[in-house]
Amino acid sequence: MAFCVYPCRLRPQIFTTLLFIGIFFAAGLFNQASGQNDQKPQVSPPVTPDTFMLDLRRAPRSKAWKEGDPIRVIPQSFYRDSLIDTPNQPLPEGKNPGKPPKKDNGNTAEAPSGESPEAGAAPGISLPANIKSFQGISATGAVPPDVVGDVGPNHYIQMVNTDFAIYDKAGNLLVGPTPINSLWAGFGGACETTNHGDPIVQYDPIADRWLMSQFAVPGGAAGFHECICISRTPDPVAGGWYRYDFATRAFPDYPKIGVWPDAYYMSTYEGPNLGVFAFDRNRMLAGLPAFYINFTIPSLSAGRPQTRILPSDLDGATPPPAGSPNLFMRSVDGPLQGGGEDRLEIFEFRANFVTPALSTFINTLNLATAPYDIEMCGPALPRTCIPQPGTTQTLDPLSNRLMRQLQYRNFGTYETLVANQTVDANGNDHAGIRWYELRRAGGAWSIHQQGTHSPDNAVHRWMGSMAMNGDGEMALGYSVSSRSVFPGIRYASRTASDPPGALSAETILMNGAGSQTGSSRWGDYSSMNVDPSDDCTFWYTTEYYDATSPVGWKTLISRIDNPMCGLDFKYMYAAKIICGKQLRPDHYRLAPGVYSTAINIHNPGNDNVEFFKKLALTYPPDAQEEGKIYPIAVDKLGPDGALEVDCIDLQRKLFPKGFPASYIKGFVVLESPKPLDVTGVYTAAKPRSFLSPQRVTSIDVEQINERILKEAPLKPTGCPDLVVSDIADAPKVDCPGGGGTCVTTVKFTIANTGTANAGAFNIRIALDPSVVINQAVPGGLAAGATLTFTVSSPPGGNCYNPDCTVIITVDDGNAVEECKEDNNRALETTLG
């Protein structure tokens with residue numbers, strides 16, 4: 001038998017699928033042991049792409065689905081939690097009989113029972129957003145729709161089961177809706193002949209390119225495939241695509257992909273196991289033959305709600321520190337998913353495309369969370385739990401996993417991860433959304449804040465997606481439903497200065513007008529993304545129904561535009577404000593009278609200036625508590641321009657139904673990049689009475705002083721540079737008694753070759769195959785100094801297998817800002 005050797009062209013139309021699979025197994029590349037934690041990486045054969053140059057505006061259009069057409073249920077793995085849709089039983093009120101007591105979910109934001117406000121009536125939202133929405137792809141006959149999207153500098157791409165469409169950023173349709181497999185037209189094989197779905201679209205902000213993918217699962221001799229297209233240029237419409245067909249050893253169910261500098265990382269569900277993959281991004285961007293590196297780990301709790309795992313996905317202009325591994329994370333409900341406490345498990349995937357055998361996938365950290373409960377409507381699967389009006393058909397909350405995406409950002413002085421999942425918010429099978437922000441500032445990752453978003457006990461909230469923009473603002477989009485509220489779309493947000501663990505009042509993006517009656521499967525995911533053009537604007541897409549139907553869903557694409565984007569505030573003005581009347585003579589916080597305030601704002605400069613206005617309220621007047629903050633607007637003044645903010649403006653903008661009390665007090669706060677002239681005009685009138693028929697009025701004028709928010713940063717006089725200067729040629733291995741408890745000892749030296757002292761940092765010593773030792777240097781290292789360490793592995797850490805490779809990374813957590821960030825790593829290989 002002749003075998004194809006790299007870099008030959010592995011194309012389905014040239015080689016039969018049977019031969020392709022035979023190559024995998026003859027080479028011993030795939031471990032067949034199901035459910036085992038594969039510590040050795042599995043490496044696929046290289047796959048050669050072809051180039052697809054069709055202008056997608058000429059691609060075939062999809063046939064619109066209509067009532068009465070066939071309904072297609074997207075393929076799912078044999079081990080998937082929700083295998084089929086089962087008849088629905090009436091939902092019990094409160095807890096299910098015989099169900100164990102619920103855990104306290106902690107940090108739960110609860111409000112009095114009742115429906116949420118209508119669209120536009122949610123004062124207190126953190127972001128002063130301008131929302132522009134347009135219709136996305138409508139029903140394809142497939143369920144669930146798996147709505148996903150991403151935004152680039154000039155385009156928005158949306159994908160569903162089993163179509164895609166490309167829009168400009170004004171909402172104009174440029175391409176489609178088009179069958180996803182039309183991207184593989186003329187390619188041959190399962191990627192062309194099947195259109196099975198589970199799509200993913202990613203904008204790559206580092207390369208300014210696009211990725212679109214879906215799986216192909218014909219099964220049998222044809223095997224399983226992940227079909228990936230990479231755009232040749234930033235133009236996804238006419239720039240062409242590189243097309244890949246990667247065969248996988250198992251059904252690549254529920255694929256999720258993250259962008260990272262060294263690879264496109266992917267997670268899948270493989271029944272009792274979870275698959276994690278690293279695709280050679282650099283070669284794929286060049287249209288060269290590429291392969292993937294793969295590990296599997298147990299999904300935990302077979303037969304119960306099984307876990308999923310997500311790769312981190314880079315957002316923003318700043319990449320992670322050089323050499324950083326991609327981070328995978330999963331949530332674990334301890335009592336239901338393998339025991340122990342409720343936690344987030346973090347894994348590091350270090351892909352080595354030069355020597356794939358040195359790649360590692362290691363669980364490096366577990367973080368205990370506030371208690372939460374994923375069990376909704378009993379342990380039986382599927383967990384159809386979300387009610388809808390006018391039907392007994394309920395919907396699956398998919399509460400056993402983190403929802404797409406695990407967003408990563410690097411803010412320079414710290415890094416963040418943002419994630420969310422559905423939980424039982426109140427112990428009575430009421431769906432809310434637990435969300436997390438993790439941070440790392442030179443050390444280990446920790447949970448910076450967490451909360452459970454459930455502002456009332458009437459409406460269920462689930463199927464969330466969350467992202468953070470470059471200003472540290474966060475937006476969470478999700479679906480809502482109840483017995484009286486049709487499935488609709490809402491979002492909540494927060495600014496970086498909001499209290500930890502809290503989201504603002506929610507905003508309605510679309511009120512639904514119908515229920516889904518043909519299936520319990522909803523989602524399976526949605527997509528909140530940040531616009532790379534300003535690193536500030538959010539885009540969100542998911543599904544809803546405008547009429548009751550088996551699977552007649554529609555999708556919405558919403559642009560949540562924050563007018564504060566790009567404003568660098570340097571000056572703040574806080575003007576006292578009093579509005580309303582106080583008529584009680586025995587009230588000593590404010591004398592009886594009628595009060596009004598006008599804040600006059602003038603631009604004394606020669607340039608236009610944009611500034612932000614907000615109301616910091618001390619209401620209720622009798623409570624010694626921190627009041628709410630209400631964004632008002634972003635305003636613009638030309639040279640010598642002026643405007644006014646008064647009590648009538650506040651009532652019309654923030655309190656259209658009237659002030660929340662007879663009077664309000666607080667501050668109108670202005671934040672501006674340039675100096676302003678701000679004056680407060682205060683009017684008070686004594687109430688008329690029988691004895692005093694004439695109203696006595698007083699007027700006071702006050703100049704509001706400015707406060708400097710930002711000083712000029714100090715320029716550094718030097719910088720440290722940490723390097724590994726020497727690794728001993730022969731790591732020592734000691735095996736007492738010749739047993740299997742060998743200990744490896746390594747001697748190495750580090751140096752600070754820079755011109756400034758380095759603060760505290762950490763050193764990571766990795767011994768193949770998977771032994772990691774962390775050495776803290778709490779005292780730092782002076783400029784020009786060196787340190788020599790001798791460290792030993794735990795018993796059983798035999799480095800030779802058969803050879804010994806020691807990889808040492810100094811300043812592994814990127815705690816020190818150095819002159820160079822790409823010279824912190826060194827390795828030494830000694831033959832066994």
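The values are calculated or read from the model by the stated rules, or taken from the named source; none is laboratory data. Just so you know, these numbers come straight off a predicted model, no measurement behind them. Positions of Cβ are generated from backbone atoms using ideal geometry, with glycine treated the same way; all protein chains shown enter the neighbour counts. With ligands, DNA and RNA removed, areas are computed over all heavy atoms of the protein, side chains included. Shrake-Rupley method; radii C 1.70, N 1.55, O 1.52, S 1.80 Å.
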Given (1) buried (at least 24 other Cβ atoms within 10 Å of the Cβ); (2) within 21 Å of the chain's Cα centre (by Cα), number of the condition Pro261 does not satisfy: (1)
- request: For Phe611, state whether it is in a loop (DSSP other than H, G, I, E, B), open to solvent by less than 50 Å² (accessible area, probe 1.4 Å) and touching a residue at least 12 places away in the same chain (Cβ under 8 Å).
  value: no
- prompt: Of Phe667, Phe659, Phe655, which residue is under 29 Å from Thr495 (Cα atoms), modelled with pLDDT of 90 or more, surrounded by 14 or more Cβ atoms within 10 Å (Cβ to Cβ) and of a type in the set (Phe, Trp, Tyr)?
  reply: Phe667
- line: Those residues of the stretch 457-473 which are farther than 27 Å from Pro532 by Cα and either buried (at least 20 other Cβ atoms within 10 Å of the Cβ) or touching a helix residue (DSSP H, G or I) at 6+ places or on another chain (Cβ under 9 Å) (or both) amount to Val459, His460, Arg461
query: Among (1) within 23 Å of Asp55 (Cα to Cα); (2) under 27 Å from the mean Cα position of the chain (by Cα); (3) open to solvent by 10 Å² or more (accessible area, probe 1.4 Å), which single condition is Gln202 missing?
result: (3)
message: Suppose we filter Asp546, Asp535 for residues that are at positive phi, of a type in the set (D, E, K, R) and open to solvent by 10 Å² or more (accessible area, probe 1.4 Å); which single one remains?
response: Asp535
message: For the stretch 639-652, give me each residue that is touching a Leu at 6+ places or on another chain (Cβ under 9 Å) and modelled with pLDDT under 90.
response: Leu650
task: Look at Asp471 and say whether it is in a loop (DSSP other than H, G, I, E, B), under 19 Å from Leu395 (Cβ atoms), charged (D, E, K, R) and out of contact with any His (no Cβ under 7 Å at 6 or more places or on another chain).
output: no
query: How many residues are touching a Phe, Trp or Tyr at 6+ places or on another chain (Cβ under 9 Å), within 24 Å of Met466 (Cα to Cα) and of a type outside the set (A, V, I, L, M, F, W, C) when one looks only at the stretch 389-415?
result: 8
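For every residue, the table says whether it meets (1) out of contact with any strand residue (DSSP E or B) (no Cβ under 8 Å at 6 or more places or on another chain); (2) without any contact (Cβ under 8 Å) to a residue 12 or more places away in the chain; (3) surrounded by fewer than 22 Cβ atoms within 10 Å (Cβ to Cβ); (4) among the aromatic types (Phe, Trp, Tyr).
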residue: Asp208; (1), (2), (3), (4): yes, no, yes, no
residue: Val217; (1), (2), (3), (4): no, no, no, no
residue: Cys229; (1), (2), (3), (4): no, no, no, no
residue: Thr233; (1), (2), (3), (4): no, no, yes, no
residue: Thr248; (1), (2), (3), (4): no, no, no, no
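This table checks each residue for (1) within 19 Å of Pro320 (Cα to Cα); (2) of a type in the set (A, V, I, L, M, F, W, C); (3) outside any strand (DSSP E or B).
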{"site": "Leu417", "(1), (2), (3)": "yes, yes, no"}
{"site": "Glu437", "(1), (2), (3)": "yes, no, no"}
{"site": "Ala444", "(1), (2), (3)": "yes, yes, yes"}
{"site": "His448", "(1), (2), (3)": "yes, no, no"}
{"site": "Gly451", "(1), (2), (3)": "no, no, no"}
{"site": "Val485", "(1), (2), (3)": "no, yes, yes"}
query: Which members of the stretch 295-332 meet the condition of being closer than 30 Å to Asn823 by Cα and in contact with a Ser or Thr (Cβ under 7 Å, 6 or more places away or on another chain)?
result: Leu310, Pro311, Gly323, Asn326, Leu327, Phe328
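Just checking, which of Tyr372, Tyr292 is among the hydroxyl-bearing types (Ser, Thr, Tyr), touching a strand residue (DSSP E or B) at 6+ places or on another chain (Cβ under 7 Å), crowded, with 17+ Cβ neighbours inside 10 Å and closer than 29 Å to Val201 by Cα? Break it down into steps so the answer makes sense when it comes.
Values: Tyr372 fails: closer than 29 Å to Val201 by Cα.
Just a single option satisfies the conditions, and that option is Tyr292.
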message: Being at pLDDT 95 or above and either closer than 26 Å to Glu818 by Cβ or among the acidic types (Asp, Glu) (or both): is that true of Asn420 here?
response: no
Residue check for Arg350: basic (Lys, Arg) and under 27 Å from Pro49 (Cα atoms): yes
task: For the stretch 580-603, enumerate the residues that are surrounded by 13 or more Cβ atoms within 10 Å (Cβ to Cβ), over 30 Å from Asp498 (Cβ atoms) and touching a residue at least 24 places away in the same chain (Cβ under 8 Å).
output: Lys581, Gln582, Pro592, Gly593, Val594, His602
- prompt: Which of the following residues is touching a Pro at 6+ places or on another chain (Cβ under 7 Å), on the phi < 0 side of the Ramachandran plot and modelled with pLDDT of 70 or more: Val816, Val810?
  reply: Val816
query: So, of the residues in the stretch 474-530 that are β-branched (Val, Ile, Thr) and either closer than 23 Å to Gln202 by Cα or touching a strand residue (DSSP E or B) at 6+ places or on another chain (Cβ under 8 Å) (or both), which turns out to be surrounded by the fewest Cβ atoms within 10 Å (Cβ to Cβ)?
result: Thr517
field: Long-range neighbours under 7 Å by Cβ, at least six apart or interchain, first residue farther than 15 Å from Gly197 by Cβ within the stretch 135-153, second among the charged types (D, E, K, R) and not in a loop (DSSP other than H, G, I, E, B)
entry: Gln135/Lys554; Ser138/Lys554
- line: Checked pairs for the stretch 668-689, first without any contact (Cβ under 8 Å) to a residue 12 or more places away in the chain, second open to solvent by 30 Å² or more (accessible area, probe 1.4 Å), C-beta under 6 Å and 6 or more apart or across chains, list as Arg688/Arg695
message: Please go through the stretch 168-184 and give me each residue that is in contact with a strand residue (DSSP E or B) (Cβ under 7 Å, 6 or more places away or on another chain), under 22 Å from Ala142 (Cα atoms) and open to solvent by 10 Å² or more (accessible area, probe 1.4 Å), ordered by number.
response: Leu173, Pro177, Pro179
